[in-house]
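> Pasting in a structure now, in structure tokens, and then I'll have a few things to ask.
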């Protein structure tokens, strides 16, 4: 069954008919990207059902039925005392199957995972994502101040993914939806990173000026500058984007550094051989002479391997320094490889082309 | 409250004590990234509770309690007949509050949203993400073949985000966790895109060779090549990464093309002025003479605006052609801007530096 536009309209009709969907439409309108340093308090909800430790199972059941909002059945009720301290959590499943003459205190659970309203989103993301946790109580000095429901957790995870996507593009995340963001705001979000990258990249000018003599002696070396540094940046970007995502998903951590480095250096040799042979053909087509052709091929190999080493280590080092590795974007890697790649290029040229020394 | 490593151990202890978490640990071990062209069938679950249209509310309640697995209470039961055809869905909330002497047929809902097992993940992602839907029945020719539970939907959304993250790094997504992927497989996932980008980027050599005369006459023009094309690529990447994410979140669609273009061109003027003034200072520091300084500043402005136009249009055009706009990665944009940016650079140089013509 394909979803046709007719069915989409049905879907909209369903959405407007039923309370759960109305509630979600509200929630969606409310949803606005939280600032990158948002804490748990920005995501927690006050929509939870609480019972008292002294309640009977019968009255807790009645409480549950009466207080249900929307269609979703919560996984837990929260057992709080008169002052708002959390005494325990009560799985709804346990409640539904318990005999009516028992008390909440007989069936509640006293071990549970909780978070604080001031915890940064990023910390909680790493803890909650993949833990399979459904809802998490938010506790401030022992008192229950809110609950992260499944939809709140989904929102938190989505915002963290959006932050990573923006960091990977070397820009700051937007605080509101794209279409409502003004050019001035966009400029403020982008100019900082761009200037930083510009200043770092300006170093390439110094490198090229230092090799001005070699460049004048063999102008054809200049033809390959964008190709060589571009390829170095691209192969590095492939590595960091894979690594940064694997780290966000919790698949890779600092203790895997050597495994990662071994894997990436081996891979980069395979990649270097592939691209190196194509580079040989390319240089030959441009007709730049045998020496420049050799220099270009050797440089591609050296830059690819160098780029693999840099790109595997940097995200891990940042993680170690408690910096979100997602800042290692394609532009970041390109800037790093451009300057060092040029030095590699001209040093190889000086080695191979004896007239350049 | 900070989560200390002690608390993390508590969390692990809790996880191993309770069935819901055990189930989720199983699920996590089972979880393996689905292939990029996975369909709904790869995500749907057989864990749902079905009732018959002729059941009484009392027996349906018993059914619910007996068949509950784990701690989560499903939002819906599925009403199916003897042949497995879906007759309707029954919100658990409605069931719990209904009088025992009613029948399922009295209280079930006959309008609902469903998907097919063969639908591609990407299609379903756009429909489900942000819809607030909690679980979705999977129907094949009228028969219920599975259900997308909240955790299945979360997994589907996460895999789609992982795909986008990999595409943005100009590499193919991995089919297994990073650490279990061999160098040969990594090479296969990366070499294709890298070769494609290399061949496209090779065009820069042709451009530079065409301007060989100008380059020999003013070798200092070469010093700024990496800086100019790098900055063009970076400012374009900022735009595409923001746009691609906004499109994935459903905030921007094709009908916003003009709004996007207007916004991005205005922003790029602000960015161009900022970077242009810094470029002026940079060229002056390198001491390349007034003419080259002017050429570099003008080129930065032209490339930034040009890059904004290209980077706003391309993701939208790809969307129009039903290609996932996430393929417009930083390396993709850089490759596109590098060749055209060099042409802009040398044409401006020919205009300003009369001795070059």
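Coordinate-derived values only; no laboratory data. These figures come from a predicted structure and were not determined experimentally. Here the Cβ is made from the backbone with ideal geometry for all residues, glycine too, and neighbour counts use every protein chain on show.
> Report, to the nearest 10°, how far helix B:257-286 tilts away from the longest principal axis of the Cα atoms in chain B, using its own Cα long axis and a range of 0 to 90°.
So the inclination is approximately 40 degrees.
> Mind pulling the per residue volume of the convex hull built on the Cα atoms of the range B:199-294? Å³ is fine.
It is 132 Å³ per residue.
> Let me ask another. Please report the Cα spread of the range A:123-235 along all three principal axes, rounded to whole Å, starting with the longest.
For the range A:123-235, the Cα spread along each principal axis is 74, 34, 27 Å.
> Report the Rg/Rh value for the range B:264-332, based on alpha-carbon coordinates and the Kirkwood definition of Rh.
1.16
> Hey, another quick one. Expressed as an acute angle from 0 to 90° and rounded to the nearest 10, what is the orientation of the C-alpha long axis of helix B:57-67 relative to the principal long axis of chain B?
Approximately 60 degrees, to the nearest ten.
> Would you mind checking the radius of gyration and Dmax of the range B:233-275 based on alpha-carbon positions, in Å?
11.1, 32
> Sticking with this one: Which whole-number percent gives the relative contact order of the range A:42-157, counting Cα pairs below 8 Å spaced six or more residues apart? Working shown, then result.
On the way: 185 pairs, mean separation 36.6, N = 116.
Value for the range A:42-157: 32 percent.
> Which order results if A:204, A:237 are arranged by neighbouring Cβ count within 10 Å, fewest first? Mind showing how you got there, number by number?
Numbers: A:204 25, A:237 32.
Going from sparsest to densest Cβ surroundings: A:204, A:237.
> Please give the Cα centre distance for the range A:234-299 versus the range B:282-357, rounded to the nearest Å.
If we compute the Cα centre of each part, the gap is 26 Å.
> From Cα pairs below 8 angstrom and at least 6 apart in sequence, can you work out the relative contact order of the range A:179-352, rounded to a whole percent?
The value is 38 percent.
> May I pose another question? Using the 7 Å Cα-to-Cβ label point, sort the distances from residue B:262 to its equivalents in the other copies shortest first and give them in nm to one decimal.
Spelled out, the distances from residue B:262's label point are 5.8 nm.
> Between residue B:354 and residue A:259, what is the label-to-label distance in nm when each label sits 7 Å out along the Cα-to-Cβ direction?
So the two model labels end up 6.8 nm from each other.
> Report, as a whole number in µm² per second, the diffusion coefficient that Stokes-Einstein gives for the range B:179-352 at 37 °C and 0.692 mPa s using the Kirkwood radius over alpha carbon pairs.
Result for D is 188 µm²/s.
> For the range A:317-357, compute Rh as the Kirkwood radius over C-alpha pairs and then the Stokes-Einstein diffusion coefficient at 25 °C and 0.890 mPa s; write the answer in µm²/s, rounded to an integer.
198 µm²/s
> Which of A:236, A:205, A:341 moves the most in a Gaussian network model of chain A with Cα springs under 10 Å?
Ranking A:236, A:205, A:341 by mean-square fluctuation puts A:205 first.
> Taking the label point 7 Å from Cα in the Cβ direction, how far apart in nm is residue A:59 from each other copy of itself, listed shortest first?
3.6
> Another one. Find the relative contact order for chain B and round it to a whole percent, using C-alpha pairs within less than 8 Å whose residues are 6+ positions apart.
Numbers: 455 pairs, mean separation 59.2, N = 357.
Over chain B, the number comes to 17 percent.
> Cα extents of the range A:160-199 along the three principal axes, largest first, in whole Å?
Largest first, the range A:160-199 extends 30, 24, 10 Å along its Cα principal axes.
> Sticking with this one: Report, in deg cm²/dmol and to the nearest 500, the calculated mean residue ellipticity at 222 nm for chain B, where each DSSP H run with n ≥ 4 adds -39500 (n - 2.57) and the sum is divided by the residue count.
-20000 deg cm²/dmol
> With a 10 Å Cβ neighbour count serving as the proxy for reagent exposure, in which order, fewest first, do B:329, B:116, B:235, A:312 appear?
B:116, A:312, B:329, B:235
> So what are the three principal axis dimensions of the range A:42-157 from its Cα atoms, in whole Å, longest to shortest?
Dimensions of the range A:42-157 along the principal axes of its Cα atoms: 44, 30, 21 Å.
> I need A:121, B:190 ordered by Cβ neighbour count within 10 Å, fewest first.
Listing A:121, B:190 from fewest to most nearby Cβ atoms yields A:121, B:190.
> Still on this model: Rounded to the nearest 0.05, what FRET efficiency do residue A:210 and residue B:184 give with R0 = 51 Å and r taken as the Cβ-Cβ distance? Could you check? Working shown, then result.
Working: r = 39 Å, r/R0 = 0.77.
Computed FRET efficiency for residue A:210 and residue B:184 comes out at 0.80.
> If I model the protein assembly as shown as equal point scatterers sitting on the Cα atoms and use the Debye formula, what is log10 I(q)/I(0) at q = 0.05, 0.09 Å⁻¹?
Each listed q maps to, in turn, -0.30, -0.83.
> Rounding to the nearest 10 and keeping the result within 0 to 90°, find how far the Cα-based axis of helix B:150-168 lies from the longest principal axis of chain B.
Roughly 10 degrees, rounded to the nearest 10.
> Treating the point 7 Å from Cα along Cα-beta-carbon as the label, what are the nm separations from residue B:37 to the other copies, to one decimal?
4.7
> Something else now. In a Gaussian network model over chain B where Cα atoms closer than 10 Å are linked, find which of B:226, B:117, B:137 has the largest mean-square fluctuation.
Most flexible of the set in this elastic network: B:226.
> Hey, another quick one. Projected area of chain A, taken from the Cα convex hull and averaged over every viewing direction, in nm²?
Working: hull surface 103.4 nm².
Average of the hull's projected areas for chain A equals 25.8 nm².
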